[in-house]
1. Examine segment 6-16 for a residue that is aliphatic (A, V, I, L, M), modelled with pLDDT under 95, loosely packed, with under 10 Cβ neighbours inside 10 Å and not in a helix (DSSP H, G or I), and state whether such a residue exists.
2. Looking at 53, 24, 57, can you tell me which residue is assigned to a helix (DSSP H, G or I) and at pLDDT 95 or above?
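The values are calculated or read from the model by the stated rules, or taken from the named source; none is laboratory data. Keep in mind that what you see is a predicted model, and the values were worked out from it rather than measured. Note that each Cβ is placed from the backbone with ideal geometry, even for glycine, and that neighbours are counted across all protein chains shown.
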Amino acid sequence: MNNPSLTLYSYIQMSGMILGSMIEADRRMIAYEHHVRHQKRLARDMEVWRRYEEDFEKRGTPGVGGEGNVKGKEPEI
């Protein structure tokens with residue numbers, strides 16, 4: 001014969017475990033979404049920077065990495 005108090009105890013314990021796992025899953029989903037947003041932001045910023053560098057070099061100013069010995073197509077007078 002089943003003991004009613006044991007069944008209630010098992011129900012309460014399982015309910016707590018389920019609630020805890022739901023909270024943990026939610027925390028992990030939030031962390032994953034944050035990671036995805038961060039990666040997309042980095043990719044977008046890298047693309048903007050790449051376009052900026054291409055435009056900068058198209059204008060005839062090589063040496064984006066440093067400012068030493070940078071010469072354009074036309075010398076400044």
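1. Within segment 6-16, the subset aliphatic (A, V, I, L, M) is 6, 8, 12, 14.
Going one step further and asking which of them are modelled with pLDDT under 95, we end up with 6, 8, 12, 14.
Those left that are additionally loosely packed, with under 10 Cβ neighbours inside 10 Å: 6.
From the residues that got through so far, the ones that are not in a helix (DSSP H, G or I) too are none.
No, there is no match, as no residue in segment 6-16 is aliphatic (A, V, I, L, M), modelled with pLDDT under 95, loosely packed, with under 10 Cβ neighbours inside 10 Å and not in a helix (DSSP H, G or I).
2. Numbers: 53 fails: at pLDDT 95 or above; 57 fails: at pLDDT 95 or above.
Only one candidate passes the filter, namely 24.
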